[in-house]
Amino acid sequence: MRTDPHRKSSARCASLALPHEVSPAPGDATAELRNSSLRADFAATAFVQLAVTVASFLVVRLIYRRLTAAGVGEYALVRRALYLLQPITLLGITVAVPKFLPAHRNDAERSQIATVGFTVVMAAAAIVAVAMIAADRLVASALFGDPLARPLVWSFAGLAIAFTFHSYVYGYFRGLLRMRTANMLDLGNSALAPVIAVLVASRWRMPGLIVTLAVIVSIWTIRCGRPLFHEFSQFARGRHSWYLTRLLLRFGAQRVPGDFALAGLLLGAPLLVAHTSSLIEVGQLAVGQNLLVIPATALTALSIVLLPYVSDRLAAGDVSSIQRNCALLFNAAVDLSCLFAALVFVVAEPIMKLWLGDSMGGAALIVRPLMLAVPLHVLYFVFRSVIDASTSRPLTTLNLLAGLVVFIASFFVLRWFGITGALPAAWALTIGFAVVGCMTVWGVGRLHGWAIFADRTALVTSISSVLAGCAVFGLRRALGLGDVASALVCFPVSAAYFLLLLRLRRGWLVSTLDVVMSRFRPQ
């Protein structure tokens, strides 16, 4: 593990050509995806991420109904502030653990990685929580623009510990390729726990809701994470390698600046709006950010499974499998994200009204610029695991730092031109994520060859997505459709688009349908 496992094969990777379409011939990408373990992991993770997405929509709607738009703004700031703390509490360990566990399979090394990682992140989380409580007035002013919001800070400190615990245990099970347990953990904490907390504790206002959420997350993580606790006793009895510990900590530390940059992108926009406008506009921006990340969430399953999978394949010297799966990943990202962005851009106002009510229709002005960043945000989101698993160099960190610098500069330039409210933050976020996405594609191409992206059919599907959006816009104008009808017309247009993908024999869609149909075929 002293050298980058990819370097020996980089020249060979660059010369491998990938087909524009994936056929079911032996050894190609479709055959690779039929690997039962990888297929099962992907299917289960995709279901959980879909549940998390649906739950996030439901939680925002419930908070809006019970605590008004200001409550949505408070909740958005709390959840995004978690991203700001994660670089400090996780220290890159939740990326390092699933990267190194597949390559260190004996009991002593596994228990050392698990125990050292857990000790580091939980100690960091405890220190951060105590510091926040000690400086509660300062934190309340910085996060919420109100020094009297100290109860929110106290509850937020508990939530930071709970989600650090959850994130580490989830990463541990990813590293063991035990995605069934990881998905059960995530389903409970990321999908069910927020909904339960809102239903049970919203009458206690936001601080009580946050405390309830932290308690539920902690209990469920302890319940699912019992196998991790056995690693501690194994570690106490085994022999330890200081080199392995240094390797783990060094890899994690290199990712910390990138995690700060990502937190700055996700939290920076609502935080800047909170200090330059109102919490209502923070809520509108938060709604737009939720829609921005939906396509990436839909493909999160691939990203989650790919990090340990790519590490495992690199350790085995099977680079061609990584190339083929990356090509399918690129095709799926382009096909899905472009259609989503085009349709939401056109029907943003009806979506806002149907989701949250007429008073949130103005959020459409914030949503539309964010939709322009969706395809590149998706490419960053799903390919970051490939980069992290393929090299020990902090390429993702450099990409995110560049995106953060561009985001901040764009925001102040737009403000200088007199644009106010949440709109400059939305445009700056769009520009920042566009930079991150382009740099991510460049990094993957340098590591695994540009043939991954050499698919001319992707251009056809991108243009088709724009035409689908134009079709919906034309139908709205020609028929004078209302909000409900405008949203419903997206479904037949989307169905026609997916029929086109089948006609083009897009490999990821054919493979997915094969998996589904195999469940109904007689054995």
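The values are calculated or read from the model by the stated rules, or taken from the named source; none is laboratory data. Predicted model only: the values in this text are computed from it and were never measured. So basically every Cβ, Gly included, is an ideal-geometry build from the backbone, and we count neighbours across all protein chains shown. The area values use the complete protein model at the heavy-atom level, side chains included, leaving out ligands, DNA and RNA. Shrake-Rupley method; radii C 1.70, N 1.55, O 1.52, S 1.80 Å.
Here V153 fulfils each of the conditions (1) assigned to a helix (DSSP H, G or I); (2) on the phi > 0 side of the Ramachandran plot apart from (2). Restricting the first member to the range 141-168 and to residues that are open to solvent by less than 20 Å² (accessible area, probe 1.4 Å) and among the small types (G, A, S), and the second to residues that are at pLDDT 85 or above and not in a helix (DSSP H, G or I), no beta-carbon pair is closer than 9 Å while six or more apart or on different chains. Scan the range 406-447 for residues that are open to solvent by less than 10 Å² (accessible area, probe 1.4 Å), under 19 Å from G288 (Cβ atoms) and without any contact (Cβ under 8 Å) to a residue 12 or more places away in the chain and the total you get is 0. Within the range 455-476, residues that are within 11 Å of V489 (Cα to Cα) reach no partner that is open to solvent by 40 Å² or more (accessible area, probe 1.4 Å) and of a type in the set (D, E, K, R) with beta carbons closer than 8 Å at six or more positions or on different chains. Within the range 215-243, restricting attention to residues that are open to solvent by less than 10 Å² (accessible area, probe 1.4 Å) and aliphatic (A, V, I, L, M), the residue that is nearest to L101 (Cα to Cα) is L228.
Restricting the range 392-405 to residues that are β-branched (V, I, T) and buried (at least 16 other Cβ atoms within 10 Å of the Cβ), which is farthest from R255 (Cα to Cα)? The qualifying residue farthest from R255 (Cα to Cα) is T396.
When R250, R246 are checked against the criterion of being farther than 17 Å from F407 by Cβ, open to solvent by 40 Å² or more (accessible area, probe 1.4 Å), within 25 Å of the chain's Cα centre (by Cα) and modelled with pLDDT of 80 or more, R250 stands alone in meeting it. Annotation: C490 fulfils all but one of (1) surrounded by fewer than 18 Cβ atoms within 10 Å (Cβ to Cβ); (2) among the hydrophobic types (A, V, I, L, M, F, W, C); (3) at pLDDT 80 or above; the unmet one is (1). Scanning the range 373-391 for residues that are open to solvent by 10 Å² or more (accessible area, probe 1.4 Å), at pLDDT 80 or above and either in contact with a Gly (Cβ under 6 Å, 6 or more places away or on another chain) or closer than 14 Å to K99 by Cβ (or both) yields L376, L379, R384. The set of residues in the range 490-504 that are hydrophobic (A, V, I, L, M, F, W, C) and in contact (Cβ under 8 Å) with a residue 40 or more places away in the chain comprises C490, V493, L501, L504.
For S410, are the conditions met, namely being assigned to a helix (DSSP H, G or I), modelled with pLDDT under 85 and not basic (K, R)?
no
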